[in-house]
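Asks: Next up is a structure, given as structure tokens.
The values are calculated or read from the model by the stated rules, or taken from the named source; none is laboratory data. These numbers come from a predicted model, not from an experiment. We place every Cβ from the backbone using ideal geometry, glycine too, and count neighbours over all the protein chains shown. Accessible surface areas use protein heavy atoms only, side chains included; no ligands, DNA or RNA. Shrake-Rupley method; radii C 1.70, N 1.55, O 1.52, S 1.80 Å.
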Amino acid sequence: MRRWLESLEAEKGLDQLTAQARRWVLISYGALALSLLAWGLLLARDGGNLRPLLAFLLPLVLFLPSLLAKRPRGHAWLAFVSLLYFMIGVNVAVLPGLGWLGWLIALAALALFGGCTLYARFRSRQLRTAHEG
């Protein structure tokens, strides 16, 4: 895997790979936030309480400054947190009538994990080469 990533970096360049990973992160972050919002609104419609929605969206919102500042370390931490959202998505997927939404949450969380992992790698290498050069 490491050799493949290094050959990819040599072939495409860190700037292009970093930009692609960033787009991947932003799209999957938005998809996860929207799918969690949809799930929270479905829960609120049935029970009338918005607290679960806030509890699920708050961790994502806390990472927003790191995403906007393009910090690799914040992206790495968000990758770990996204795995919790994957577990939530799988749990929602087994609820009657919510399978499609649960799988959407799980897929968005996995996409966020992959994008954050790659962005953290490419961006930190990009910053390292900028300091060295």
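Asks: I'd like to check one number: the per residue accessible area of the chain, probe 1.4 Å, reported in Å² as a whole number. Could you put the intermediate results ahead of the total?
Replies: On the way: 8030 Å² over 133 residues.
That works out to 60 Å² for each residue.
Asks: How far is helix 14-47 tilted off the main Cα axis of the chain, in degrees rounded to 10, range 0 to 90?
Replies: Roughly 10 degrees, rounded to the nearest 10.
Asks: Between M1 and D46, what FRET efficiency comes out of the Förster formula 1/(1 + (r/R0)^6) with R0 = 41 Å and r the beta carbon distance, rounded to 0.05?
Replies: Details: r = 44 Å, r/R0 = 1.06.
Result of the calculation: an efficiency of 0.40.
Asks: Right, something else. For the chain, what ratio Rg/Rh do Cα atoms give with a Kirkwood hydrodynamic radius? Walk me through the intermediate numbers first.
Replies: Details: Rg = 16.8 Å, Rh = 15.7 Å.
Radius of gyration over Kirkwood radius for the chain works out to 1.07.
Asks: Go ahead and run the numbers for FRET between F80 and L34, Cβ-Cβ distance against an R0 of 25 Å, rounding to 0.05.
Replies: On the way: r = 21 Å, r/R0 = 0.86.
Approximately 0.70, to the nearest 0.05.
Asks: Another question about this same structure. Let's see if you can work this out: charge +1 on each Lys and Arg Cβ, -1 on each Asp and Glu Cβ, no other charges. What is the dipole magnitude of region 31-123 about its Cα centre, in debye to the nearest 20? List each step's numbers first, then the result.
Replies: Details: 7 positive and 1 negative charges, 88 e Å.
Taking the Cα centre of region 31-123 as origin, the dipole is about 420 debye.
Asks: Where the Cα atoms of region 1-63 are projected onto their three principal axes, how long is each span, largest first, in whole Å?
Replies: 53, 19, 15
Asks: Calculate the radius of gyration of the Cα atoms of region 29-100 to one decimal place, then report Dmax, the largest Cα-Cα distance, as a whole number, both in Å.
Replies: According to the Cα coordinates of region 29-100, Rg and Dmax are 13.3, 40 Å.
Asks: Let me ask something else about it. Along the charge dipole of the chain, Cβ charges K/R +1 and D/E -1, which of P52, G40, Y29 sits furthest on the positive end?
Replies: Of the candidates, Y29 comes out farthest on the positive side.
Asks: Heavy atoms only, probe 1.4 Å: what % of the accessible area of the chain goes to carbon and sulfur, would you let me know? Intermediate results must be reported in sequence, preceding the final value.
Replies: Details: 5500 of 8030 Å².
Carbon-and-sulfur percentage of accessible area, whole number: 69.
Asks: Along the charge dipole of the chain, Cβ charges K/R +1 and D/E -1, which of F122, V92, A79 sits furthest on the positive end?
Replies: Of F122, V92, A79, it is F122.
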